[in-house]
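Colleague: Structure incoming, see below.
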């Protein structure tokens with residue numbers, strides 16, 4: 001959600017630039033992406049789940065609360081279409097707008113809307129609404145064509161908030177055969193009636209991350225890319241309109257969140273190694289929780305085919321409350337990708353999700369999905 | 001006899017055709033001397049400048065160009081599919097834009113001659129005094 005005066009400021013700035021003498025040099029570029037995804041739970045534990053989520057089930061997108069339930073084939077959970085308009089106002093200024101329509105909630109949302117200013121050839125400032133760059137695939141998580149799975153592993157890519165309003169400063173340079181980039185960003189994020197919480201709660205829960213600060217540092221030689229990330233925020237949740245409180249809904253309290261991540265990917269012509277290890281720390285009045293997760297995949301490419309077996313795991317470790325049992329699960333997946341055209345692919349992915357929690361949460365699940373991804 | 005003459009003419013022109021090379025051109029005021037690695041980084045959006053001051057604007061080698069295969073092999077070192085996947089991670093996150101695509105009405109040499117930061121890859125046969133040749137690719 002974007003505050004109205006924020007929007008007004010951006011629009012006024014954009015209007016001023018567009019009506020300037022340089023307006024005649026404005027260039028427009030429309031691009032986009034989409035995914036048509038069909039999925040089906042093959043089998044799983046019926047003992048898992050909640051009152052609101054009947055299992056066997058498979059949660060494919062925590063951010064929008066999308067889950068496959070039952071054993072019917074469905075195209076609703078993950079199919080989406082995105083379009084981006086880039087307005088190059090002049091050599092230094094550009095504006096970006098990106099809207100995404102999802103089959104799941106049948107709403108077109110403005111996910112990205114920001115102004116970009118090139119301070120120097122190596123340094124750029126962006127102000128507006130963007131995707132939170134939490135982990136390696138976070139910013140382009142909706143662009144199915146951009147990665148090798150049907151979806152990035154849910155053990156790492158499951159958040160209640162995905163976009164923020166704020167500013168980011170990005171520096172990029174070359175050092176011999178290496179390119180180095182570093183980003184600092186700050187802002188806030190809020191979502192009312194968060195779909196993430198609807199998986200487990202019938203009552204509406206609003207989420208907000210304030211004092212959101214983050215940084216990432218990336219080094220690449222074209223084949224190997226290494227990316228370190230850090231994020232911190234002060235989080236609050238409003239349970240059924242009772243007032244903002246912490247993770248346990250203690251009104252007036254706040255939850256401190258820290259996120260660390262390190263991705264290392266190697267993409268050779270024939271082989272891939274995709275790895276990422278992350279940890280999230282949550283601290284509030286009654287909770288001290290550390291949630292590490294990791295993913296590791298080894299891919300083989302031959303011609304237009306890519307085969308990628310992958311393993312990912314997520315676990316909760318509570319220091320407070322003492323003795324609290326956390327969720328723990330892993331995914332073993334096998335994805336086969338075929339590039340149909342230069343701008344589209346189809347993927348088939350089998351996933352076995354193993355619920356390793358002390359107390360059964362969602363239960364074990366076997367899931368199969370087919371996707372058609374494209375860019376334009 | 002006519003066939004022999006035609007064949008002889010063709011043989012005479014072969015050295016000229018064989019020597020046509022892929023080259024990089026810039027605006028005449030640009031005194032760049034880029035390396036192959038620098039050209040690669042420009043065309044992959046990894047850098048926008050070679051001197052930290054002038055923002056450079058690389059022009060795409062269009063898909064229908066006879067140079068496209070050599071461009072993919074020697075400059076970006078990716079197949080077309082790999083290149084599209086590479087750009088899809090950058091374009092939709094605002095981190096970089098692919099090389100500029102000219103319209104059918106715009107010629108590469110004229111564009112480079114009129115735009116100081118422009119940089120393009122052409123066949124050496126298309127070179128003319130309006131632009132600078134700053135790099136020559138090996139065969």
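The values are calculated or read from the model by the stated rules, or taken from the named source; none is laboratory data. None of the values given here were measured: they were computed from a predicted structure. Backbone-built Cβ (ideal geometry, glycine too); neighbour counts: all protein chains shown.
Colleague: Name the strands (runs of 3 or more DSSP E) wholly inside segment A:274-376 in which the number of residues that are loosely packed, with under 15 Cβ neighbours inside 10 Å is 1 or more. I'd like the intermediate steps shown before the answer.
Modeller: Numbers: elements: A:288-302, A:305-315, A:317-320, A:328-341, A:344-355, A:365-375.
Passing ranges, in order: A:288-302, A:305-315, A:317-320, A:328-341, A:344-355.
Colleague: Being farther than 22 Å from residue A:178 by Cα, at pLDDT below 90 and within 14 Å of another protein chain (Cβ to nearest Cβ) narrows it down to one of B:69, B:64, B:117, B:52, so name that one. Before you say what the answer is, go through the steps one by one.
Modeller: Working: B:69 fails: at pLDDT below 90; B:117 fails: at pLDDT below 90; B:52 fails: farther than 22 Å from residue A:178 by Cα.
The match here is B:64.
Colleague: Are any residues in segment B:79-98 touching a helix residue (DSSP H, G or I) at 6+ places or on another chain (Cβ under 6 Å) and part of a loop (DSSP other than H, G, I, E, B), and if so, which ones?
Modeller: Result: B:96, B:98.
Colleague: Select from segment B:89-139 the residues that are without any contact (Cβ under 8 Å) to a residue 40 or more places away in the chain and buried (at least 18 other Cβ atoms within 10 Å of the Cβ) and list them in ascending order.
Modeller: The answer is B:89, B:91, B:92, B:93, B:94.
Colleague: Now for a separate question. Quick one: residue A:83 ticks every box in (1) assigned to a loop (DSSP other than H, G, I, E, B); (2) without any contact (Cβ under 8 Å) to a residue 60 or more places away in the chain except a single one, so which number is it?
Modeller: (1) is the only condition that residue A:83 fails.
Colleague: Hey, residue A:51 hits all of (1) at pLDDT 85 or above; (2) closer than 25 Å to residue A:200 by Cβ; (3) over 21 Å from the mean Cα position of the chain (by Cα) but one; which does it fall short on?
Modeller: Condition (1) is where residue A:51 drops out.
Colleague: State all residues of segment A:54-69 that are within 17 Å of the chain's Cα centre (by Cα) and in a strand (DSSP E or B); if no residue qualifies, say none.
Modeller: Here is the first cut: in segment A:54-69, the residues within 17 Å of the chain's Cα centre (by Cα) are A:59-67.
If the condition is that a residue be within 17 Å of the chain's Cα centre (by Cα) and in a strand (DSSP E or B), then A:59, A:60, A:61, A:66, A:67 are the ones that fit.
Colleague: Within segment A:245-261, is there a residue that is part of a strand (DSSP E or B), without any contact (Cβ under 8 Å) to a residue 24 or more places away in the chain and surrounded by fewer than 16 Cβ atoms within 10 Å (Cβ to Cβ)?
Modeller: Taking segment A:245-261 first, the residues part of a strand (DSSP E or B) are A:245, A:251, A:255-261.
Then drop every residue that is not without any contact (Cβ under 8 Å) to a residue 24 or more places away in the chain, which leaves A:245, A:251.
The next check asks that each one be surrounded by fewer than 16 Cβ atoms within 10 Å (Cβ to Cβ); those that pass are A:251.
Yes, the conditions are met somewhere in segment A:245-261.
Colleague: In segment A:103-151, how many residues are free of Cβ contacts under 8 Å to residues at least 24 places away in the same chain, assigned to a loop (DSSP other than H, G, I, E, B) and either within 11 Å of the chain's Cα centre (by Cα) or crowded, with 18+ Cβ neighbours inside 10 Å (or both)?
Modeller: Here the count works out to 6.
Colleague: Given the options A:91, A:78, A:72, name the one that is within 10 Å of chain B (Cβ to nearest Cβ) and part of a loop (DSSP other than H, G, I, E, B).
Modeller: A:91
Colleague: When only residues in segment B:64-77 that are in contact with a helix residue (DSSP H, G or I) (Cβ under 9 Å, 6 or more places away or on another chain) and surrounded by fewer than 18 Cβ atoms within 10 Å (Cβ to Cβ) count, which is farthest from residue B:45 (Cα to Cα)? Don't jump to the end; show me each part of the working.
Modeller: Quick first cut of segment B:64-77, residues in contact with a helix residue (DSSP H, G or I) (Cβ under 9 Å, 6 or more places away or on another chain) only: B:65, B:68, B:71-72, B:74-77.
Of the ones still in play, those that are also surrounded by fewer than 18 Cβ atoms within 10 Å (Cβ to Cβ) are B:65, B:68, B:72, B:74, B:77.
On the way: B:65: 21, B:68: 18, B:72: 15, B:74: 16, B:77: 14 Å.
Result: B:65.
Colleague: For segment A:174-186, give me each residue that is within 12 Å of chain B (Cβ to nearest Cβ) and either under 16 Å from residue A:229 (Cα atoms) or at pLDDT 90 or above (or both). Can you show your working first?
Modeller: Start the filter on segment A:174-186 by keeping residues that are within 12 Å of chain B (Cβ to nearest Cβ), which leaves A:174-181, A:183.
The answer is A:178, A:179, A:180, A:181, A:183.
Colleague: Here are some residues: A:209, A:197, A:149. Which one is within 20 Å of residue B:86 (Cα to Cα) and in contact with a strand residue (DSSP E or B) (Cβ under 6 Å, 6 or more places away or on another chain)? Before the answer, list the steps.
Modeller: On the way: A:209 fails: within 20 Å of residue B:86 (Cα to Cα); A:197 fails: within 20 Å of residue B:86 (Cα to Cα).
Criteria check complete, one pass: A:149.
Colleague: I want to confirm something. Restricting to segment A:168-190 and keeping residues that are in contact with a helix residue (DSSP H, G or I) (Cβ under 9 Å, 6 or more places away or on another chain) and assigned to a strand (DSSP E or B), which single residue is nearest to residue A:276 (Cα to Cα)?
Modeller: So in segment A:168-190, the residues in contact with a helix residue (DSSP H, G or I) (Cβ under 9 Å, 6 or more places away or on another chain) come out as A:174, A:176-177, A:179.
Those left that are additionally assigned to a strand (DSSP E or B): A:174, A:179.
On the way: A:174: 24, A:179: 20 Å.
Among residues in segment A:168-190 that are in contact with a helix residue (DSSP H, G or I) (Cβ under 9 Å, 6 or more places away or on another chain) and assigned to a strand (DSSP E or B), the one nearest to residue A:276 (Cα to Cα) is A:179.
Colleague: A further question follows. If a residue must be in a strand (DSSP E or B) and either buried (at least 17 other Cβ atoms within 10 Å of the Cβ) or in contact with a helix residue (DSSP H, G or I) (Cβ under 7 Å, 6 or more places away or on another chain) (or both), how many such residues does segment A:42-53 contain? Before the answer, list the steps.
Modeller: We begin by selecting, within segment A:42-53, every residue in a strand (DSSP E or B); these are A:42-44, A:49.
Next cut, either buried (at least 17 other Cβ atoms within 10 Å of the Cβ) or in contact with a helix residue (DSSP H, G or I) (Cβ under 7 Å, 6 or more places away or on another chain) (or both) only: A:44, A:49.
Total satisfying the criteria: 2.
Colleague: Output yes when any residue across segment B:108-116 is in contact with a strand residue (DSSP E or B) (Cβ under 7 Å, 6 or more places away or on another chain) and within 21 Å of residue A:220 (Cα to Cα), and no when none is.
Modeller: No, segment B:108-116 contains no residue that is in contact with a strand residue (DSSP E or B) (Cβ under 7 Å, 6 or more places away or on another chain) and within 21 Å of residue A:220 (Cα to Cα).
Colleague: Quick check, is residue B:61 surrounded by 13 or more Cβ atoms within 10 Å (Cβ to Cβ), assigned to a loop (DSSP other than H, G, I, E, B) and within 13 Å of the chain's Cα centre (by Cα)?
Modeller: Against the criterion (surrounded by 13 or more Cβ atoms within 10 Å (Cβ to Cβ), assigned to a loop (DSSP other than H, G, I, E, B) and within 13 Å of the chain's Cα centre (by Cα)), residue B:61 qualifies.
Colleague: Sticking with this structure for a sec: If residue A:164 satisfies every condition in (1) in contact with a strand residue (DSSP E or B) (Cβ under 6 Å, 6 or more places away or on another chain); (2) in contact (Cβ under 8 Å) with a residue 60 or more places away in the chain but one, which is the exception?
Modeller: Of everything listed in (1) in contact with a strand residue (DSSP E or B) (Cβ under 6 Å, 6 or more places away or on another chain); (2) in contact (Cβ under 8 Å) with a residue 60 or more places away in the chain, residue A:164 misses just condition (2).
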